[in-house]
Amino acid sequence: MNTAPTGRPLAVRDGLTVPYITLWSGERHISLTDLWLHNGGLRYANEGPWDRDKRRGLWERWEGGYGDGEPLWRSVHSERQRTAMEHLLCQVCAHPADRTNKGTLFLVPGSATASHLEETRTSQPPLCLPHALIARTQCPRLRRGHTALRARKTSLWGLHGIAYVARPRPAHRPTNSLAVDQACSVAYGTPELTYVLGSQLIRELRRVTVVDLDEEAARLGI
């Protein structure tokens, strides 16, 4: 049985496999209890090594874990999405994504050519081939049409998240409360990154080839 890195088996609800990156109802977002705007950027008061990635992006904090409560099918857990995207793991089983000499396997909604997909940016982690076959029938967005592609280069581009600003305060009443500015996607190395709390890691796909999942599955006898 496929398992997540924690060693726990993947859950099944109503006959559907719950992907590793899916958020569960028992998981709780706790970032705002300790988030500050200080010296021109966001930070946690007791920041630890996992709070920032290697490119200085700041990330959401969560309590709970995979399997707590019921799956929120349309929502993504930021820590598990980050893990899958950073290490090119399958978004369903968290094992290494499928890779051939044509590159790493991704699925995107809709129909598109390789030229249209070149340099596209995505927050959807890659897939192993068996779970790509399952995802195209299980995911509502992919059932309406999808394109399978392989990318030889999958550079980390930036992150998607919420930009925060300091909340206006009455005179003589200091406060560290924050207000949401906007949801946005920002590139690494830009000044705007310091004001964004990340929720999804973004990769840019290059040297793209469109592939046929059925042909690939037949070649491997899946």
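The values are calculated or read from the model by the stated rules, or taken from the named source; none is laboratory data. Computed from a prediction, not measured in an experiment: that's the story for all the values here. Cβ atoms come from the backbone with ideal geometry, glycine included; neighbour counts cover every protein chain shown. Note: areas computed on protein heavy atoms with side chains; ligands, DNA, RNA excluded. Shrake-Rupley method; radii C 1.70, N 1.55, O 1.52, S 1.80 Å.
Summary table
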{"read-out": "Under the Karplus curve 6.51 cos²θ - 1.76 cosθ + 1.60, θ = phi - 60°, whole-Hz ³J(HN,Hα) for region 127-138, x wherever Gly or Pro sits", "value": "9, 7, 5, x, 7, 5, 5, 6, 4, 5, 9, 8"}
{"read-out": "Length gained when the stretch Gln182-Asp214 is fully extended (0.36 nm per residue, less Cα-Cα span)", "value": "7.4 nm"}
{"read-out": "Amide H contacts of Glu60 (H built 1.01 Å from N, under 5 Å, at least 5 apart or other chain)", "value": "Gly198"}
{"read-out": "Order by protection proxy (mean Cβ within 10 Å, highest first), peptides 197-204, 48-55", "value": "197-204, 48-55"}
{"read-out": "The chain, relative contact order in percent, only Cα pairs under 8 angstrom and at least six apart counted", "value": "23"}
{"read-out": "Per residue, in Å², the accessible surface of the chain once ligands and nucleic acids are set aside, probe 1.4 Å", "value": "53"}
{"read-out": "Region 67-222 - convex hull of the alpha-carbon atoms, volume per residue in Å³", "value": "147"}
{"read-out": "Overall form of region 1-102 per C-alpha gyration tensor (a/c, 1.5; a/b vs b/c)", "value": "oblate"}
{"read-out": "In order through region 202-208: 3J(HN,Hα) via Karplus (6.51 cos²θ - 1.76 cosθ + 1.60), integer Hz, x for Gly, Pro", "value": "10, 10, 9, 9, 10, 6, 8"}
{"read-out": "Karplus 3J(HN,Hα) series, Hz, for region 151-165 with 6.51 cos²θ - 1.76 cosθ + 1.60 (x for Gly, Pro)", "value": "10, 6, 10, 9, 6, 5, 9, x, 9, 9, x, 10, 8, 10, 10"}
{"read-out": "Built amide H within the under 5 Å cut-off of Leu23, gap 5+", "value": "Leu72, Ser75, Val76, His77"}
{"read-out": "Candidates Arg82, Arg121, Arg74: whichever shows maximal mean-square fluctuation once the chain is modelled as a Gaussian network with Cα springs under 10 Å", "value": "Arg74"}
{"read-out": "Carbon/sulfur fraction of accessible area - region 1-150, other protein chains in place, 1.4 Å, %", "value": "50"}
{"read-out": "Accessible area in the full protein assembly, largest first, 1.4 Å probe, for His38, His87, His146", "value": "His87, His38, His146"}
